[in-house]
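Asks: My structure is below; once you've seen it, I'll send some questions.
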Amino acid sequence: MAISDTAIVAYAETKIVLKSDKDVWALGAEVLEELLNKTGLDKSEIDGLALSSSQTGAGNCFWAQSTADQLALEVDYCQTTDIGGCSPAGALARAAAAIIAGMCETVFCLFSDTQNRENNSRPRHYQAEWTAPLGLLGPPTSFGFITNRYEHQFGLDYAMLGKLAVAQRNGAVLNDLACEKLRTPITIEDYVNSRMIADPIRLLDSVMVCDGASGLILMSRKKAEKKGFTKAVIPVGYGERTSYQFSENIVDVTDTGHLPAGAKAFKQAGITAKDVASFHPYDDFIIAMMLQMEMLGFCKKGQGCDYIREHDFNFNGDLPLNTGGGQISAGQVGLAGGGTNLIEAVRQLFGEGGKRQVKNTRNALVTGIGGIPYARNWSTSAVLVLTPNG
Amino acid sequence: MTAINDTLHIERQAPAFRSYSEPYWNGTKEKKLLVQYDKAANRYQWYPRATSRFNGKASNLEWREVKGAGEIYSFTTVRRARPPFQGHEPFFLAVVTLPEGVQIMGNTVGITKEEMKIGLKVKPYWHPLPGGYHMLMWQKA
C-alpha cells in the first residue's frame, strides 16, 4: 500500500478569530461535529486521532490522549505530530501511514490551537541560551537576515513580494472564514510602505497569530469506496525533511529542505512543478513562498522575482496561490496554522471554493514550514501533493 | 551617520546553560571565545551542542579558543522586541562568519546604519554580565 491508498472524505474549518471565546476542545468538538454531519459516520467508526502541534496543548505531555478523552473517541491510533507548521500535513501523512500499517481505518485529523486565548508553550531548545539574550524576537528577526542575504546574493524586487501579498489578501476578502481584521484589500504600495518589524521584514510580510481549528477525515480508499464516498481527495505524494544540512556549520540560507522533500513528493505523485494546478505554500512570511517556488522547481534559484512577475496568483490566475488568503491574510492559527492552507487545497479539489473556486482542479500542492533554527531558515519542510479521486 | 542602539544599557544576565555548554560560559569570564572542536573531523562547530554535528560522537569534541576575526554574513535591524529589549530598538542582530568555519549571532556595538553591510569585518566586544560572565557582541575590526 502507499499513501495514495488513503482518501480524505471530508474537511471542516472554524472561523479564524483573533482571540477565541471558546476553549480549544470546544473548537475541536465543532470540527468533529461538522465532519460527522458531512460524512454521516458514527463517532464509533473513528478509530484514529492525529493531532497537529498546538501552543494551547503544548504544556500537556498527554495532549493527544487528553483530547481523545475530551471528545470521547475510542481509538487504536492516537498521536500528536510536533514539527511546527508542518504538523498538519505531517499528521495527515502519519495518519495515512497508520492506516497503511493496519493500525486503524478511519482517522480524525485535528488541527486546533488557541494560542491567543491560552498559550501553554514552554519550548526547550537553543533559543533561551543563544538567541533570547540577544533580543531576537523570533521568526521576523530570522527572516530579516534571510531576506537581506537573499537580496545580497540575487537582488530582490520587493514589489514582487508585494504582488504575492496582494493576491493572498484578495483571497481573504472572498473567504468568510478568514479573520475579519484582515479582510480589507491591500495594494503593492501598502505592502512596500508597511512598517518595518525587522528590516527588511515588514508588517505585511508577517502572519498575525489567531485562534481556530480545522480538520479532516482520512480513511483507506477501499473503505471510502465501500462507504460510498464518491467525492474524495487523495494524497498522492508526500515528502518531509527535518534538519536539512544541519551536519554543516555554514550553508546557503536560501536553500531549504523543500528541495529534497519536494523531489520525493513529486516523484511519488508523478508530477513536476509545471503540472501544479494550484499552489498552497506555507506562508509564515511572504519571502518563504518565493524560496519554496525556487526549491520546488517553479523557477530557478535566484529567479523567484522574475517568476512572480510573469504569473497571476489570484484564484482565476494561471497559478492560484493560497486562495483563501493563506495564513498571512486569513490569520495564523498558531501551530495548527498549516491546516488553513491544507484545508483550502482540499476544499478547492472538492470544488467547494465558492466565489474563489479555481478552474483547474487536477491537483493541488500544499507545503509546510516548521521551526526556526539558529542562523538558518527553518527546521522542517513538508510537501504534499493532492488530487481528486477518480 | 545614523546611530543604531548598541544594547549595552539593557539589563541582562548570562542564560541558564547546559552541562555541555558550561565551558563556553566559563571562558567568557576571561573574555575567551571558546568553540567546540571535533578532533576526528578536524572542524569547529557552533552553537555548542551535546554532540558532534559531523559524526554524532560527543567524545570527539574538545574546546579551542578562537580569535573571533569575523565577517558579517547577514543582519537585520530589530524594530520590535520583547522586554528587556523593548524600548531599546532599533538594534542590530548579525550573523557573523569566522575563518574557523562557524557562524555566530550577536548584537553589535558602535556600528552605524551606514557602515553595516554584508562582508563588514568585525571582532569580539565583550560586554560584562552579572556573575563575571560576558556577552559576546561584535564591533568593527
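The values are calculated or read from the model by the stated rules, or taken from the named source; none is laboratory data. Bear in mind the structure is a predicted one, so any value in this text is a computation, not a measurement. Counting neighbours? That spans all protein chains shown, and the Cβs are built from the backbone with ideal geometry, glycine included. Only protein heavy atoms, including side chains, enter the accessible area calculation; ligands, DNA and RNA are left aside. Shrake-Rupley method; radii C 1.70, N 1.55, O 1.52, S 1.80 Å.
Asks: How would you rank A:188-199, A:338-349, highest first, on the average number of other Cβ atoms within 10 Å across their residues?
Replies: A:338-349, A:188-199
Asks: Also: Please give the FRET efficiency for A:ASP318 paired with A:GLU352, using the beta carbon to beta carbon distance and R0 = 25 Å, rounded to the nearest 0.05.
Replies: 0.70
Asks: As an exercise, use a Förster radius of 41 Å and the Cβ-Cβ distance of A:THR187 and A:LYS359 to find the FRET efficiency, rounded to the nearest 0.05.
Replies: 0.95
Asks: Moving on to the next point. Work out, step by step, the length gained on full extension between A:GLU310 and A:LEU18: first 0.36 nm times the residue separation, then minus their alpha carbon distance; give nm to one decimal.
Replies: Contour length minus the Cα-Cα distance gives 101.7 nm.
Asks: By per-residue mean of other Cβ atoms within 10 Å, what is the highest-first order of B:18-30, A:262-274, A:105-117?
Replies: So the order, starting with the most tightly packed, is A:105-117, A:262-274, B:18-30.
Asks: Please state the relative contact order of the range A:196-352 as a whole percent: Cα pairs under 8 Å, 6+ residues apart?
Replies: 30
Asks: Something else now. For chain B, calculate the relative contact order in percent as a whole number, restricting contacts to Cα pairs under 8 Å that are 6 or more residues apart.
Replies: 29
Asks: Moving to a separate point now. Pop the C-beta distance of A:LYS222 and A:GLN65 into the FRET formula with R0 = 30 Å and round what comes out to the nearest 0.05.
Replies: That pair, A:LYS222 with A:GLN65, gives E of 0.55.
Asks: Could I ask something else about it? In the range B:1-104, what percentage of the DSSP-assigned beta bridges are antiparallel, given to the nearest 5?
Replies: 95
Asks: Right, something else. Please work out the Cα center distance from the range A:1-55 to the range A:88-159, rounded to the nearest Å.
Replies: 21
Asks: For peptide A:368-377, how many partner chain Cβ atoms fall within 10 Å of a residue's Cβ, on average?
Replies: That works out to 2 on average.
Asks: Then there is this: Magnitude of the Cβ-charge dipole of the range A:186-232, K/R +1 and D/E -1, about the Cα centre, nearest 20 debye?
Replies: 820
Asks: If you don't mind, another one. Take peptide B:29-41, look around each residue's Cβ out to 10 angstrom, count Cβ atoms belonging to other protein chains, and average those counts.
Replies: If you average over the peptide's residues, the count of other-chain Cβ atoms is 0.
Asks: Moving on. Using a Cα-Cα cut-off of under 29 Å, which lysines could be cross-linked to B:LYS32, ignoring same-chain neighbours fewer than 8 residues away?
Replies: B:LYS57, B:LYS67, B:LYS113, B:LYS117, B:LYS121, B:LYS123, B:LYS140
Asks: Over the range A:302-390, what is the mean sequence separation of C-alpha contacts under 8 Å (at least six apart), divided by residue count, expressed as relative contact order in percent?
Replies: In percent, rounded to a whole number, it is 20.
Asks: Now a separate question. Enter the Cα centre distance for the pair the range B:31-57 and the range A:251-318, rounded to the nearest angstrom.
Replies: So the two Cα centres are separated by 34 Å.
Asks: Among bridges DSSP assigns within chain A, what percent are antiparallel (round to 5)?
Replies: 75
Asks: Given a 1.4 Å probe and every protein chain left where it sits, what share in percent of the accessible area of the range A:339-378 is carbon and sulfur?
Replies: 50
Asks: Over chain B, with the other protein chains present, what is the accessible area per residue in square angstrom, probe 1.4 angstrom?
Replies: 46
Asks: Counting Lys and Arg as +1 and Asp and Glu as -1, each charge on the Cβ, what is the dipole of the range A:281-335 about the Cα centre in debye, to the nearest 20?
Replies: 100
Asks: Now for a separate question. May I ask you to give the percent of accessible area on the range A:1-114 that is carbon plus sulfur, with a probe radius of 1.4 Å?
Replies: Its accessible area is 48 percent carbon and sulfur atoms.
Asks: Give the average, rounded to an integer, of partner chain Cβ atoms located within 10 angstrom of each Cβ in B:87-97.
Replies: 4
Asks: Go through A:LYS231/A:LYS300; A:LYS264/A:LYS300; A:LYS223/A:LYS274; A:LYS264/B:LYS39 and tell me which ones have a Cα-Cα distance over 25 Å in this structure.
Replies: Those over the limit are A:LYS231/A:LYS300; A:LYS223/A:LYS274; A:LYS264/B:LYS39.
Asks: Return the single residue from A:SER206, A:SER66, A:SER54 with maximal mean-square fluctuation; model: Gaussian network over chain A, springs between Cα atoms under 10 Å.
Replies: Evaluated over chain A, the most mobile residue of the options is A:SER66.
Asks: Take peptides A:135-143, A:249-257, B:109-117, A:380-388 and line them up by average Cβ neighbours within 10 Å, highest first, as a rough protection proxy.
Replies: A:380-388, A:135-143, A:249-257, B:109-117
Asks: Excluding ligands, DNA and RNA, what is the accessible area buried between chains A and B, summed over both sides, using a 1.4 Å probe, to the nearest 100 Å²?
Replies: Chain pair A/B: roughly 3400 Å² of buried accessible area.
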